[in-house]
1. Compute the Cα gyration tensor for the stretch 35-141, then decide on rounded, prolate or oblate, letting a ≥ b ≥ c be the square roots of its eigenvalues: rounded whenever a/c is under 1.5, prolate when a/b is larger than b/c in the other cases, and oblate in all that remain.
2. Can you tell me the convex hull volume per residue for the stretch 165-228, based on C-alpha atoms, in Å³ to the nearest whole number?
3. By average Cβ neighbour count within 10 Å, what is the ranking of 102-109, 165-172, 145-152 from highest down?
4. Is the shape of the stretch 133-179 rounded, prolate or oblate, going by the alpha carbon gyration tensor and its root eigenvalues a ≥ b ≥ c, with a/c under 1.5 for rounded and a/b larger than b/c for prolate?
5. Can you tell me the relative contact order of the chain? Whole percent, Cα pairs under 8 Å, sequence separation 6 or more.
6. Under 19 Å from the Cα of K193, which aspartates and glutamates turn up, not counting those fewer than eight places away in the same chain?
7. Using a cut-off of 10 Å between beta-carbons, work out the net charge of the residues near Y56 (Lys and Arg +1, Asp and Glu -1, Y56 not included).
8. Provide the packing ranking of 72-78, 33-39, i.e. peptides ordered by the mean count of other C-beta atoms within 10 Å per residue, highest first.
Amino acid sequence: LAPHLIDCRLADDHPYPEYHHLWEGIFNLGFCAVRRTKATDRLLNWWDARLREYCYADHVDGLHTDQKWMDYAPVFFHDELRIVRHYGVNTAHWNLSERPLSLRDGQYHTNTQPLIFFHFSGFDFCGETLTKHVPVERQASYTTDTLRMLAAEYRAAVKANGYECLLAVPYAFATFSDGTPITQLHRRLYRVKSRDAAIPSPFSSDGPFFHMLSEAGLLDRSPAAKAN
């Protein structure tokens, strides 16, 4: 597991404040390696059981997809688990303050260690920013010549691999079958209702869930709903 490491500056002084990790989790699942052992089977089975119902991101519920659950892993599997502390593993926008990137002899380094892989979380393929998860006014930390070079290389490589064609593919679960946008409120209501009984055809505009939302006046076809 690769931890969310940051420095000890005040939270609001950091371009990606540490309180974000209270929701996202102590560990970042940008890197997680496993080998086949009995302990691994126990870990994956435990993780799978939670993700079947609770693999989603919601501040209200305190969940962040598959990732937040791994905060428990070092407690439940402390004898079998190791935390990756190599600076060159999972270097990303949230830990660049402690892992400044440099280019020496044609190889990228973080501090004194070689960069093994960079995590381009929220990468801006259409613009020039390193990550869309940080407001524009806090992007100054990510504008060094080395970071610009790394970002330009990555952007060019991804675009050469057909990114723009794939970008045009719409998200399949953003609307009901008639095109009505599905909002965060709809998803939260669905989770609450489905705890009591299974809801058939949740994406169908002919289904019971859609009709319940319609009768309650909770459907919105405006551009604002599509952006939600």
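The values are calculated or read from the model by the stated rules, or taken from the named source; none is laboratory data. Bear in mind the structure is a predicted one, so any value in this text is a computation, not a measurement. Here Cβ is always computed from backbone atoms with ideal geometry, including for glycine, and neighbour counts include all displayed protein chains. Surface areas here come from the heavy atoms of the whole protein model, side chains and all, with no ligands, DNA or RNA. Shrake-Rupley method; radii C 1.70, N 1.55, O 1.52, S 1.80 Å.
1. Taking the square roots of the gyration eigenvalues as a ≥ b ≥ c, the stretch 35-141 is oblate.
2. 97
3. Result, highest mean first: 145-152, 102-109, 165-172.
4. oblate
5. 14
6. E53, D58, D61, D206, E215
7. So the surrounding residues net to -1.
8. Highest to lowest by the protection proxy: 72-78, 33-39.
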